[in-house]
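All remarks here apply to the structure that follows.
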Amino acid sequence: MSPITTIAALLVAAPAVAQQFQLVPGSLSGSAQTWTESVECADVDRDGDLDAFFANGGGFSSASAIAYQHQLSINQGGLTFADESLARLGAHVTCSKRVVTGDIDGDGWVDAMFLNCFDGSLPSLYRNRGAAQPGHFAFEGAQRGFTEALDSYAGQFGDIDDDGDLDVVISDSTTFWSQLDSIPAVFGHPRLYRNDGQGFFAEVVGPAWAPVDSTGTHDVQIVDIDGDYDADVLASNVSLGVKKFYLMLNDGSGNFTDADSLLPAAGANVWESEVADLDGDRDTDLFVLGVTDGPSPQFWLGRHGAFRNDVLRTGSFGFSPTSASGGTDINEVVLFDYDVDGDLDAFISTLGVPANQVQQNQGGLQFQITPGVLPPGLDVQNPTLDATAADLDGDGDYDYLSVQGEYAGADWRNTLFENLGPRDTLAPVITRWERLAGPRSPSGPWVVHAQVRDQVVDDGKDWVTASARYAVRTPDGAWHPARIDGLSVASGLRRFELPDTASGQGVALVYALHFVDAAGNRSNTRRHMVVLQ
C-alpha cells in the first residue's frame, strides 16, 4: 500500500471529533413561545445546585400585547428544571428585559430584581425569605425604595461606596431607532441606588452621580476598571449619533466622574461590553459587541472584538482595539474558558446565523471563530438574546444556557447545553491583592480587596467564593484568630472586612486570602503582616 493510500485509509478510519456541548432536550419546563430577554443562575434555596431566573418580556420598541410572568426554575438534578414561578415568586407579570441577583440585606440568601420597560412597571425586587422559607420570595420593590417606573434593559448589583453592602445601578433609556423609523427616542441615564445596609435603597442624585442623558442603554457592568480597588461603572449604549459608553470612575467613596473619552471610539451602537483580563497581564481588558464604523441603515451589522488595556504598554489608562470581526445582529457575549487552557474564550449570541458562535482565544487578544463547539441545527429557529455559563449538574465543568426571542414566528425555546468536555482543573488566578501598609490603627475592622479571574466571566458572575483567615496578636504574645467570607463587590473584585478580635489591643495583624471555584480548585495569597499601633 502506498504512503498516500495508507494516510487516506487512516483518515477514513479515524473517529469523528466529539462535540463538546450537547443539547439537553426537555430540560427547561415552560412555554416554548415565551420571548426571554435575560437569564441568571443562582442557588436560591441553598441546596448546593444552581437554579435559574428568566426575564420574559416581548416587544422591541414598545411592549407586546402579552405580559409575561416572572420566571424561576428550580434545579431538580440531572440537568432538569421545574418552573416554580408562581409558588416561589407569586403572580407578577411585566415586560421584563433583565434579571439580576445579589444578597441585598446580608443575610446569606440570594435576592433578585427584574428590570422592566415600556409598560410603566416599577423595578421588581424580590427578597428571599431565607431560613423561614428557603428559595421563596417576598415582592418588596416599592417598600425598599424603588418607587419610580423606569425603562430598563440593564442593571447590576455592586458595592459602589465600599461599605460592605450591595448597591445597584439600573439603566433608564431604551429606544434607539428614531432615525430609522421615526419612533421617538427615549432619553435617560443610568440610575444609582445606594443600600443602607439593611436592603433599603435611596437614589443618588447630584454631583456624586451625574451622568448625562443618552438613548438605548443595553448593558451595565460594575467593575474596577482602573485597578484602584473600587467599583467603577461601565455602561454600553445602542444609539445613533448619541453617547456610546458611560465610564463613571469612582474616587473610592462613591463619587463618580464621567471618563468615557478613555474608551475606544465607537460608531453607531454598542450592545454589550464584558470586562476581564483577556491576555494574562492582570489588568482589565474589554470585549465589545456591536461596534460599527458609523451610522448606516445596516448599523446592527457591526464589528465586535477585544480591546487591550494600555496601562502596561503606555503607562496611562485607556484602551486600543486588537481584533474585530464582522457579524450579524449580536446581543450577548459570555467569557468562558471552555477548553481549560487558561485564557478566556468568547461565546457570542446573535439573532442571525449562527445563533451561537464560539471564538477561541489565540493569545494576544486575538480571537478566532471555532465551529463545532456547539451543536448546529438551532440557528434559524432560535434567535438568541442572552446566555450564561454555569455548572448546572455539579460535575466540575460549566454548562451553557441560552434564551431566545424577538423574531416573529421563531421557536423561542430556551436551550441548555451539557458540557461533555474536560473538567475544570485550573485554580482561580489572583490577579492582584491589597497588602495593607502599617502602622494601622489597633481598632478594626480592617478592609482588604483582591481581584480574581476564573473560568467564567458573565455580567459580574464568576462562581468563585472567597474567604480570609487572619489573626490579631496582643502584647502578651497571644494570637486571636478568625475567618470571614469575602463579598463580591464588582466583577471579579472581592472585599474582606476583618473584625477586630482583640478589642483594640492588637499590635500586629496577619491575614491571607483564599479563593475556591465551583469545581473545588483553590488559590491562596501569601500571609501578610501589618503592624498595629
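The values are calculated or read from the model by the stated rules, or taken from the named source; none is laboratory data. Predicted, not measured: the structure shown is a model, and the values here were computed from it. Methodologically, a virtual Cβ is constructed for each residue, glycine included, from the backbone with ideal geometry; neighbour enumeration extends over all protein chains shown. Note: areas computed on protein heavy atoms with side chains; ligands, DNA, RNA excluded. Shrake-Rupley method; radii C 1.70, N 1.55, O 1.52, S 1.80 Å.
Points to keep in mind about this one:
- Cβ crowding within 10 Å averaged over residues, with 518-529, 416-427 ranked highest first: 416-427, 518-529
- Normalised by the number of residues in region 87-135, the mean separation of alpha-carbon contacts (under 8 Å, six or more apart) gives a relative contact order of 31 percent.
- Projected over all directions and averaged, the alpha-carbon convex hull of region 72-115 occupies 4.1 nm².
- Note on the chain: semi-axes of the ellipsoid equivalent to its C-alpha gyration tensor, largest first and rounded to whole Å, are 36, 29, 25.
- Accessible carbon and sulfur surface of region 409-506 relative to its total accessible area, %, 1.4 Å: 50 percent
- Integer Hz, Karplus 6.51/-1.76/1.60 couplings in order for region 522-528, x for Gly and Pro: 10, 9, 9, 7, 6, 6, 10
- Cα shape, region 82-234, gyration tensor, a/c 1.5 rule: oblate
- Relative contact order of the chain, defined on C-alpha pairs under 8 angstrom at six or more residues apart (%): 11 percent
- Rolling a 1.4 Å probe over the heavy atoms of the protein chains gives the chain an accessible area of 37 Å² per residue.
- Protection proxy ranking for 330-342, 94-106, using the average of other Cβ atoms within 10 Å per residue and placing the highest first: 94-106, 330-342.
- Ratio of Rg to Rh over region 197-279 (Cα coordinates, Kirkwood Rh, two decimals): 0.98
- Radius of gyration, Dmax [region 385-515; alpha carbons; angstrom]: 20.9, 76
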